[in-house]
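The block underneath contains the structure these notes are about, expressed in structure tokens.
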Amino acid sequence: MLKRSEGASLDEIRHSLAHLLAAAVLKKYPEAKLGIGPVIENGFYYDFVVLGGLKEEDLKELEAEMRRLINTRLPFSGEKITPAKARKLFSAGGGSAFGGNNQPFKLELIKDFSKEKRELTTYRTGDIFVDLCRGGHVENTSEIPADAFKLTHIAGAYWKGDEKNIQMQRIYGLAFSTKEELAKYLWQQEEAKKRDHRVLGEQLKLFTFAKEVGPGLPLWLPKGTVLREELETYAKKVEKEWGYERVTTPHIAKEDLYRMSGHIPYYADSMFPPMKLDDGNYYLKAMNCPHTHMIYRAAPHSYRELPIRYAEFGTVYRYELSGTLAGLLRVRGFTQNDAHIYCTEEQAEEEFLKVMQLHEFWYKKVFGIKDFYMRLSLPADDKKKYPNIPEGWEKAVTIIRGAMKKSGLPYVEVEGEAAFYGPKVDFQIKSVIGREETASTNQLDFLATERFNLTYVDKDGKEKPVYVIHRAPLGSHERFIAFLIEHYAGAFPLWLSPVQVRVLAVSEKHDEYAKKVLTELKDAGIRAELASSDETLGKRIRESQKAKIPYTLVVGDKEIYNNSVNMRIYGKEATDELSIEKLAERLLDEINKKIA
């Protein structure tokens, strides 16, 4: 008998539920053929072949049977088994748990495992079910919370993931430690559908794609362009306050530049094919850094100038595979909130710390995002894809670790995900529905100084290499705006909202006053629009709410008499009456404070 560790983990609960699912399917369909049933993120699945096919309406009945089995306190027990005994168990007439059924997929796995000389084990669930399994189960079903799992849907799946093999049916299930966690996850999934940035992007007229332009190349509509420009304008203001200077670089460059940077050959697969011109090959820019390095190199620098911080909203192009493109989250052309900091080794830790503090400013103060952490990516054990400069890697990792610890922000370390030119730190942020995205990637690049001969003259007149920090707190317009759309469900803070105010006249006779209100708001610098009085007032109010406009103003006889407006805030039923002057003051104060 195989020993089991004390206390059931969530993975053990999920794995045990997969076995209970298989047992329930066999009870309803005794001739069912079983595939595999592993644990996956948030739950489990099991693959089947059933004559006539499984149906969605089966899920409720299967779920009920699984709960009944949980309540019978069935034990799980495992044992090592020989290939011969395993073949007998899963062959026709050999396995009492299968009612004498032949299980061809299990027999195929036994054959595969035997060739690989892998040890075979089976796990029994009471006397009702046995499976070929490497283990990881509860001690008995009483450890499984019966109200914290749910079968969600059935999907097609090829045996062993190979489309040349038979197609099976896969039943997916969710499982959590508590009923509350399951309910929260189900809410998040439903909410995610409502907040899908592709759906809201179309509904709110923010961006579009055209096959004539090409996949992964978004076209920004006027309202989406407002979002981009508001982010960019504020970022430029903030970066100026934080000591950055702005630069601008071209969208293409000669092959020589990317060979110097190391993008060719290390990154060539992600770049668009070269354009052959009379003076050599040119490439669309995949990274801003090589161009910015040439700006730094254009003149000699003294230690007195450092650190130098060059910032740019630079557009880059990467050849992402068609199957990986996903709305604005994965595109082929995007504009990054990029910057490169050139500093001495002694300044590197402090500069990297400031970069982290800038991220914290954006996420916490500006957007109200509190759920985020840093992910330090180190080189893999296989160093073939990395330059062989062990001292450089060691120094860079030490500097970044020091800055991360000083920041006081949460972080984790992972191996094998470093950039080819240095360790990197990803900022992972979560939306209100729990969706996690990589908001930005930041690197300490010790290789650039060697490849580009980036130096400075120290106080003793000696030439020394600079350290380069790549940073982009807002990532790209495309990815960050996709996140914001989903985070805010399209109801943006006032300062970001493409339309901040919509003015509605009760009837045609109030149109002139409505136009006066519109003009005064626009003159104050507020993005306002007027809705025609052709439709009923109720319909226009509903449309304003559907468009997620922060403030809807209604004007009629009373408002004309009082020189005021009746104000409704998005998502609230209550209204308030105030003068146009007071309204403008209130809106401008909210805009200037960047209230999230």
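The values are calculated or read from the model by the stated rules, or taken from the named source; none is laboratory data. Note that the structure is a prediction, hence the values are computed from the model and not measured. Using ideal geometry, Cβ is built from the backbone for each residue, glycine included, and neighbour counts are taken over all protein chains shown. With ligands, DNA and RNA removed, areas are computed over all heavy atoms of the protein, side chains included. Shrake-Rupley method; radii C 1.70, N 1.55, O 1.52, S 1.80 Å.
Legend: residues Glu512, Glu181, sorted from most to least accessible area (1.4 Å probe; ligands, DNA and RNA excluded), read Glu512, Glu181. Taken about its Cα centre, the range 449-596 carries a charge dipole of roughly 480 debye when the Cβ of each Lys and Arg holds +1 and the Cβ of each Asp and Glu holds -1. A simple spin-label model places the labels of Arg134 and Lys572 5.7 nm from each other, with each point 7 Å out along Cα-to-Cβ. When the Cα gyration tensor is reduced to axis lengths a ≥ b ≥ c, the ratio a/c is 1.5 or higher for the range 97-224, and with a/b not above b/c it is classed as oblate.
Principal-axis analysis of the Cα atoms of the chain puts helix 511-523 at an angle of about 90° to the longest axis.
In this structure, the pairs whose alpha-carbon distance is over 26 Å, taken from Lys184/Lys364; Lys516/Lys548; Lys106/Lys179; Lys115/Lys160; Lys223/Lys509, are Lys106/Lys179; Lys223/Lys509.
Sorting Asp269, Asp557 by accessible area puts them as Asp269, Asp557; the probe is 1.4 Å, largest comes first, and only protein heavy atoms count.
Between Tyr266 and Ser9, what is the FRET efficiency for a Förster distance of 41 Å, r being their Cβ-Cβ separation, to the nearest 0.05? The value I calculate is 0.55. A Förster radius of 45 Å, combined with the Cβ-Cβ distance separating Ile541 from Ser177, puts the computed FRET efficiency at roughly 0.55. May I ask which residue of Leu206, Ile429, Pro222 lies farthest towards the positive end of the charge dipole of the chain, with charges of +1 (Lys, Arg) and -1 (Asp, Glu) on Cβ and the Cα centre as origin? Of the candidates, Ile429 comes out farthest on the positive side. In this simple spin-label approximation, Leu221 and Lys164 carry label points 7 Å from Cα along the Cα→Cβ vector, and these lie 4.7 nm apart.
Counting only alpha carbon atoms, the long axis of helix 537-546 and the longest principal axis of the chain meet at about 70°. The C-alpha atoms of the chain define a longest principal axis, and helix 345-360 lies at about 80 degrees to it. For the range 441-483, a simple Cβ point-charge model (Lys and Arg +1, Asp and Glu -1, everything else neutral) yields a dipole of about 80 debye relative to the Cα centre. Near Tyr258, once Lys and Arg are set to +1 and Asp and Glu to -1 for all other residues with Cβ below 14 Å from its Cβ, the sum equals +2. Is the range 121-163 rounded, prolate or oblate when judged by the Cα gyration tensor, a ≥ b ≥ c being the square roots of its eigenvalues, rounded requiring a/c under 1.5 and prolate requiring a/b larger than b/c? Cα axes put the range 121-163 in the oblate bin.
Two numbers describe the Cα atoms of the chain: Rg and Dmax, which are 30.4, 94 Å.
Positive-end ranking of Gly52, Trp187, Thr324 along the dipole of the chain, with charges on Cβ about the Cα centre, is headed by Gly52. Sorting 292-298, 10-16 by their mean Cβ neighbour count within 10 Å, with the most densely packed peptide first, gives 10-16, 292-298.
Given +1 at the Cβ of Lys and Arg, -1 at the Cβ of Asp and Glu and no other charges, the dipole of the chain around its Cα centre is 1100 debye to the nearest 20. Projecting label points 7 angstrom from Cα along Cα→Cβ for Lys593 and Glu320 puts them 3.7 nm apart.
Only one residue of Phe483, Leu447, Ile541 has its Cα farthest out toward the positive end of the dipole of the range 445-542, where Lys and Arg carry +1 and Asp and Glu -1 on Cβ, and that residue is Ile541.
Estimated at the nearest 10 Å², the accessible area of Glu529 is 50 Å² with a 1.4 Å probe. Annotation: amide H-H contacts under 5 Å for Ala253 (H modelled 1.01 Å from N, sequence separation of 5 or more, or interchain): Tyr283, Lys285. Stretched out straight at 0.36 nm per residue, the stretch from Asp196 to Asp256 would grow longer than its current Cα-Cα span by 17.5 nm.
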